[in-house]
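Structure first, then comments.
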Amino acid sequence: MNLNERIPNNVNLSEDKRLQRALEKWLPNFLSWWHDMGPDGFQEKDVWLRTAIDVGSEGWAHFDYVKMPEYRWGIFLEPAQADAKVGFGDNYGAPAYQEVPGEFRNALRRIIVTQGDTEPASVEQQRQLGHTCPSLYDMRNLFQVNVEEGRHLWAMVYLLHGYFGRDGRDEADALLERRSGNPDKPRILEAFNQPCDDWLNFYAFTMFTDRDGKYQLSALAESGFEPLARTCRFMLTEEAHHMFVGDTGLSRVVKRTAQLMKQNPNEDVRALGGIPLDIVQKYINFWFSYSLDLFGGEISSNSADFFAAGLKGRFKEQEQYTDHIAAEGAYTMTVVENGKLVPREVPLRNALNEVLRGEYVKDCEKGLARWNKALTDEGLSQRLFLPNIRFHRHVGEYAGHYFDIEGNLISKEEFEAKKSEWLPTIEDREYVRSLMKPVTEIGKIANWIAPPTSGIKGKPFEFEYVRL
Ligand SMILES: [Fe+2]
Ligand SMILES: [Fe+2]
């Protein structure tokens, strides 16, 4: 097998023998991680997958039956732009960094490792879901997400091996050693240590947590470190599908629930084997709040440093903003002081996590509007909503305080007393799990979810997406 078969790439890997050797050494470790921690039970099956073989519009969406361990995980960067410049921060307008600037080396490595760690983590979280898929279509989408997260890991490992020498190699190895949810060697970010063991969790995860990925990648796609920017731009094309899976998955659950509510005189969907809206709401509350944590503290010197250094920009930095220095402005946010919520003004650069989080929240609201439309279409007046951003937070200004679902400061006792109304209880999780019986007949779908409006890449829903 030639090199481009083993590690498809558009980075001239064959001309960089040192990097080639490093990645060829890492490859078997990756495959053994995939074997141990990748999707359980379906490794020998043919799955109708999209494989990136090139970044051009023709190449990157190549569909065919593939066995997952034979998926061609590749390294693809968006083409370089001539005379790329640092687009923001103190070095605004300087030539983009083609190598890692010494003074930013630690910061950059930390950014790449933190992003890289999420990719294998989500594969680990989702590894049992194939056994309970609601349809072959959904099973295929799950595996598509999984192999692409594997490719995203490759993307970050390429940067570590290619630009960070020995400590990069060590970090690349460590990415295969941490394990989601393992108390001794957990993944770096908490959302990636939470179990994702039923399909409602999966859709909420891909809706909310993969969407955090979109915003992190978008901010890094602006980076003055050109290899990182080009890598992230290409990853974003794949990320779009992951969010589609979550967004439409939840929409289909809501639609089915609404249909079942109309069938029962008391709107009791449990009697008909559906997922009640209040459970859907609790899963939204859970994953939305954990995903908000991923943006980091509201007031952050890291965010200021990363921006000043030109490493991590704002969402659509070039399109949306005219002042790319952002050294002057201020941002007013609400913080807790002496047991009260009060406004505090902070320098804009220190508030950039919060600015990015705000963009994310706006995007999530669009999803809610779509799901509520599914309720309207079925003639129901109930509505789903996003909890307040202060609710159930574990990172930043609101961590260690208690808030109700509307964001009012409450006591720990009040929170504990209401918790079961806001967050999934063990009984809720058990009920959802009890519905998770695999449906693997071509064209069939589980009772608790509506079929998709169309199949994948022109194929009908009734298509053998996975050959069992
Ligand atoms: Fe990813
Ligand atoms: Fe993703």
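The values are calculated or read from the model by the stated rules, or taken from the named source; none is laboratory data. Fair warning: this is a prediction, and the values are worked out from it, not measured in the lab. Cβ: placed from backbone, ideal geometry, glycine included. Neighbour counts: every protein chain shown. Note: areas computed on protein heavy atoms with side chains; ligands, DNA, RNA excluded. Shrake-Rupley method; radii C 1.70, N 1.55, O 1.52, S 1.80 Å.
At a glance:
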{"item": "Members of segment 95-114 found to be open to solvent by less than 50 Å² (accessible area, probe 1.4 Å) and in a helix (DSSP H, G or I), listed by number", "result": "PHE104, ALA107, LEU108, ARG109, ILE111, ILE112, VAL113, THR114"}
{"item": "Index of the failed condition, VAL11 passing every other in (1) open to solvent by 30 Å² or more (accessible area, probe 1.4 Å); (2) under 23 Å from ASP167 (Cβ atoms); (3) in a helix (DSSP H, G or I); (4) in contact (Cβ under 8 Å) with a residue 12 or more places away in the chain", "result": "(3)"}
{"item": "Residue match in segment 115-127 (condition: in contact (Cβ under 8 Å) with a residue 40 or more places away in the chain, within 20 Å of PRO39 (Cα to Cα) and not in a helix (DSSP H, G or I))", "result": "yes"}
{"item": "The listed residue being more than 26 Å from GLY296 (Cα to Cα), within 25 Å of the chain's Cα centre (by Cα), open to solvent by 30 Å² or more (accessible area, probe 1.4 Å) and free of Cβ contacts under 8 Å to residues at least 60 places away in the same chain, out of LYS362, LYS373", "result": "LYS373"}
{"item": "Yes/no for GLU239 being over 20 Å from VAL147 (Cβ atoms), at pLDDT below 95 and either over 11 Å from the mean Cα position of the chain (by Cα) or within 12 Å of ligand 2 (Cβ to nearest atom) (or both)", "result": "no"}
{"item": "Failed item in (1) open to solvent by 10 Å² or more (accessible area, probe 1.4 Å); (2) closer than 18 Å to GLU378 by Cβ; (3) touching a Phe, Trp or Tyr at 6+ places or on another chain (Cβ under 7 Å), with VAL254 passing the rest", "result": "(1)"}
{"item": "So GLY41, is it small (Gly, Ala, Ser), open to solvent by less than 40 Å² (accessible area, probe 1.4 Å) and in a loop (DSSP other than H, G, I, E, B)", "result": "no"}
{"item": "Pairs with Cβ under 6 Å, 6+ apart, first in segment 231-243 and over 15 Å from THR51 (Cβ atoms), second more than 10 Å from ligand 1 (Cβ to nearest atom)", "result": "THR231/LEU77; CYS232/LEU220; CYS232/ALA221; ARG233/GLU78; ARG233/ALA221; HIS242/THR206; MET243/ARG211"}
{"item": "Positions within segment 93-124 being more than 11 Å from ligand 1 (Cβ to nearest atom) and of a type in the set (S, T, N, Q), in sequence order", "result": "GLN98, ASN106, THR114"}
{"item": "Qualifying positions in segment 207-240 - touching a Lys or Arg at 6+ places or on another chain (Cβ under 9 Å), open to solvent by 10 Å² or more (accessible area, probe 1.4 Å) and among the polar types (S, T, N, Q)", "result": "GLN216, SER218"}
{"item": "Residue among PRO101, PRO120, PRO79 that is within 28 Å of GLY150 (Cβ to Cβ), at pLDDT below 95 and not hydroxyl-bearing (Ser, Thr, Tyr)", "result": "PRO79"}
{"item": "Pairs, first free of Cβ contacts under 8 Å to residues at least 60 places away in the same chain in segment 454-466, second open to solvent by 70 Å² or more (accessible area, probe 1.4 Å) and in a loop (DSSP other than H, G, I, E, B), C-beta under 7 Å, six or more apart", "result": "GLU462/ILE442"}
{"item": "Residues of segment 171-193 that turn out to be on the phi < 0 side of the Ramachandran plot and open to solvent by 30 Å² or more (accessible area, probe 1.4 Å), as a count", "result": "14"}
{"item": "Candidates LEU423, LEU435, LEU356, LEU409 - the one that is within 20 Å of MET243 (Cα to Cα) and in contact with a Phe, Trp or Tyr (Cβ under 7 Å, 6 or more places away or on another chain)", "result": "LEU356"}
{"item": "Test for MET261: is it touching a residue at least 24 places away in the same chain (Cβ under 8 Å) and within 12 Å of ligand 2 (Cβ to nearest atom)", "result": "no"}
{"item": "Among (1) in contact with a Phe, Trp or Tyr (Cβ under 8 Å, 6 or more places away or on another chain); (2) part of a helix (DSSP H, G or I); (3) within 16 Å of ligand 2 (Cβ to nearest atom), the one test that HIS161 misses", "result": "(3)"}
